[in-house]
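Every read-out reported here was derived from the displayed coordinates using simple, explicitly stated rules and does not represent laboratory data. Since we're looking at a predicted model, the values are computed, not measured. Glycine also receives a Cβ, built like all others from the backbone with ideal geometry; neighbour counts cover every protein chain displayed.
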Amino acid sequence: MIVIKKRIGIPRSLLYYKYFPLWKTFLEELGVEIVLSDRTNSKIIDIGGRYAIDEICIPLKLYYGHVLNLLEKNIDYLFVPRYVSTTIGTYFCPKFLGLPDMVRGTIDNLPPIIEFEVNMQKRPMYLSAYKLGKVLHKSTWQIKKAYEKAIKDYKYFRQLMVDGLSFKKALNVLNSKNRNFKPKKKIIDYVAKIAIIGHGYNVHDSFINMNLINKLNKMKVNVVTLENLPLEIFKNQTVITNTLENYWGNEEEILSAVNYLFETKDIDGIIFICSFCCGPDSLIDEIMARDAKKLKIPYIGLVLDEHSGQAGVITRVEAFVDMIVRKKNNIRIIYKKPTMPIGIINKSEKEVGAEF
Amino acid sequence: MKVTFPHMGNCWPAFKVLCTGVGAEVYLPDPNNVKQLDAGLKHSPEWVCFPFKVTLSNFIEALDEGVDNLVMATDCGPCRFGFYYAVQERILRDLGYDFKMYYLPQGDLLDFKWIKLLKALSEDKSLLNYFRIFRTARLFLMKSQLIQTVEKLEGKIRCYEVNKGDTTHTLNKCIQLIDDANTFNELNKLRKRIKNEFDKIEINKRDNNEILKVGLSGEIQVTLDPFVNHDIKRKLGELGCEVHMNLSLYDWIKHKFHVNFHRKYLEYLNKSQKNIGGLQMDIGGEAFWVMGEYIDYAQRGFDGFVHIYPFTCMPEITAKSILTKWYGNKYFDIPPIFFGFDEHSGEAGLITRLESYVDLLKNKKEKKNNGNGRK
Ligand code: SF4
Ligand code: SF4
């Protein structure tokens, strides 16, 4: 007897860049076939932009594009997660909260939608998974096994990234089913170490950020993303002021990572990528920029939109890297001359910092 | 102790009594205006939502006047509002101001955290103070209820007024009356007085078929503040629309005390439309109820629906996407129109769009009336 697997479409967008390994193992263990949309390309941006209303942020326009792309692929179900909160007391951006409704409300001729609601405020994660499994008519035992495997895989995946792999490479390793992979520590000579911080769907989608990571690598910059940082730093909730704890799930990671970098100072500069019209980022960008200025850590916020010209962004990044390299060399030279009183070093540093 | 709080349209008498009731002195910033806004624009993040900029400029004005205690409401997610006061505090401190920021947690009023704020605002530390606090809270509720009454009447009556401007005049007068009354007794009497004041407006009752009934809803600050929304309510009224609006400060407070059954009904309406994309949960802002209102107005046979929000507002844009599609697909037969406001939105464009919208509604109504006549 031939078993025809149900085909579930997953848009390669938004939280794909964070939780896909988890979904993938879970769904595959439950015996369905996963169909991904194509990698982001100009066609996807185009149809997404045409479909969505103007004012919406690009990641969501892309989401539309990816969903529409999937509709051409003959799928039985469409997987649209509704991530509300993954820890108690935090929320995702409002657009994630309403994502399935928005898809249902705005796109015609959809296949049935499989919602995966993760809301720690209401129920623990495994119950959400249980609900999802029941939609696919699986037994409790099967769901339990699949869920445990998924969590294990996800942890392994995160560990790979902490060990220094990029999102794409870590995903490849996971797909290869080789669980004993040890990433080699490559020792390369680099001119600066720069952190690229931002939402996964901006940082790891090389089309929308114009291949920024590769371009930086070519400039001999050692690039760090927030997933490469140690896992412990994400445990505690970030404090904004003494009366306010951050309550945004995605931003939590960004803030933790940036605070960690601020504390250890083990970084030469920070590039924050955000999308035009993004709500949460508009505020945390302000906070981080102010902190960076105080601590004199070079920081720029790159705002992406679908019209942003390649050239403009690249020039800015190049200037930024140049500035950092110059600053580094500068300080080293000053450092070598012990006759210079320390006060002056601080002063010259201040002037450099004042550029931001 | 001198305190200040940001403006939200006509709601200031209610906020004021909240401070004066417990013995604090109030500095009331000028009503929002263009000049004041400049300072706020200069120091706000570039594309933060508009209410942030407006409230920040209120604070800057007050600080320049020497006030050193600021009160700001806050929420606990999921939208940006909860971050307002913290980021504003940060910005103002970096500007070199010295002040104390009080915040009013209103995520869930039943947790009674707001008592803490009122206690902090009053310098009296005796037990008797609790009576004062509850008296103040009650005054606040009564005043906000009266403001709601006034605003509702205003929207419904303006299109009938004979002398242009009467309604606005009466509105301002009533708000002043509400501010002046400071005992339960006086406020109780005001209820009648307000009705009388509005009855005094000379009106020209027209045929029901002629008047357009329009629902207005949107993000709360933008909807309630006539400066921010370029007085869209008045403009609609002057174009001959009876404006219905359920949103008000009182409505919001009731919701936060979990006793707002109208909103519960709207939530139910939304959830019942799951198949075509009715929101299934509160996603912040007013989106959940805006969509409920739309369905409700559509079912009640209204002619139009106006949705206003700050430009880039996350929840409202979600609602807007869905509503646009709903009308496009003819699920509901009531054309919505959307206005996003920020410092760049010009008045001229707004008027043109409103006029053509009202024309469209008129044509639609005429067709419908004629159609009915023929049957
Ligand atoms: S977090 Fe920002 S970019 Fe992401 S969906 Fe929300 S508004 Fe858009
Ligand atoms: S609801 Fe809109 S205006 Fe209010 S905080 Fe959220 S984004 Fe800003």
Tell me whether the range B:83-166 comes out rounded, prolate or oblate; compute the Cα gyration tensor, take square roots of the eigenvalues as a ≥ b ≥ c, and use a/c under 1.5 as the rounded threshold. oblate
What distance in nm separates the two pseudo spin-label positions at residue A:169 and residue A:217, each 7 Å out from Cα along the beta-carbon direction? 0.7 nm
For the range A:179-250, fraction of C-alpha pairs farther apart than 18 Å, in %: 58 percent
Which of these, A:199, A:66, A:137, has the largest mean-square fluctuation under a Gaussian network model of chain A (Cα springs below 10 Å)? A:137
With a/c under 1.5 counting as rounded, go ahead and sort the range A:7-175 into rounded, prolate or oblate using the C-alpha gyration tensor (a ≥ b ≥ c being the square roots of the eigenvalues; past the cut-off, prolate if a/b is larger than b/c, else oblate). rounded
What number, rounded to the nearest 500 deg cm²/dmol, is the helix-based mean residue ellipticity at 222 nm of the protein assembly as shown, given -39500 (n - 2.57) per DSSP H run of at least four residues and division by all its residues? -16500 deg cm²/dmol
The ³J(HN,Hα) series, computed from each phi in the range A:270-286 with the Karplus coefficients 6.51, -1.76 and 1.60 at θ = phi - 60°, rounded to the nearest Hz and given as x for glycine or proline, is 10, 10, 9, 9, 9, 9, 4, 6, 6, x, x, 5, 4, 8, 6, 4, 4
Fraction in percent of alpha-carbon pairs per bin - 10 Å, the range B:211-375: 10, 39, 36, 13, 2, 0
Return the single residue from A:273, A:53, A:75 with maximal mean-square fluctuation; model: Gaussian network over chain A, springs between Cα atoms under 10 Å. A:53
In nm, to one decimal, how far is the modelled label at residue A:122 from the one at residue B:199, with both set 7 Å along Cα→Cβ? 4.9 nm
What's the center-to-center distance, using Cα atoms, between the range B:244-322 and the range B:125-196 in Å? 25 Å
Could you give the radius of gyration (one decimal) and Dmax (whole number) of the Cα atoms in chain B, in Å? 21.2, 74
Cα-projected label distance for residue A:326 with residue B:124, points at 7 Å along beta-carbon direction, nm: 6.4 nm
Could you work out the local net charge near residue B:215, counting Lys and Arg as +1, Asp and Glu as -1, over the other residues with Cβ closer than 11 Å to its Cβ? -2
Expected integer from the mean partner chain Cβ neighbour count at 10 Å over B:273-282 is 5
How much FRET efficiency would the formula 1/(1 + (r/R0)^6) give for residue B:152 and residue B:188, where r is the Cβ-Cβ distance and R0 is 30 Å, rounded to 0.05? 0.95
Separation of alpha-carbon centers, the range B:38-63 and the range A:112-161, rounded to whole Å: 44 Å
Protection proxy ranking, peptides B:251-257, B:194-200, B:240-246, B:97-103, average beta carbon neighbours within 10 Å, highest first: B:240-246, B:251-257, B:97-103, B:194-200
Select from B:120, B:73, B:137 the residue whose mean-square fluctuation is largest in a Gaussian network model of chain B (Cα-Cα springs shorter than 10 Å). B:120
Cα centre as origin, Lys/Arg/Asp/Glu Cβ charges: the range A:136-218 dipole, Debye: 380 debye
Quick check: residue separation of residue A:46 and residue A:259 times 0.36 nm, minus the Cα distance between them. What number comes out in nm? 73.0 nm
Three-way shape call for the range B:144-205 based on the alpha-carbon gyration tensor, with the a/c threshold at 1.5: prolate
Per 20 Å bin from zero, what fraction in whole % of the C-alpha pairs of the protein assembly as shown is there, up to the bin with the longest pair? 15, 46, 31, 8, 0, 0
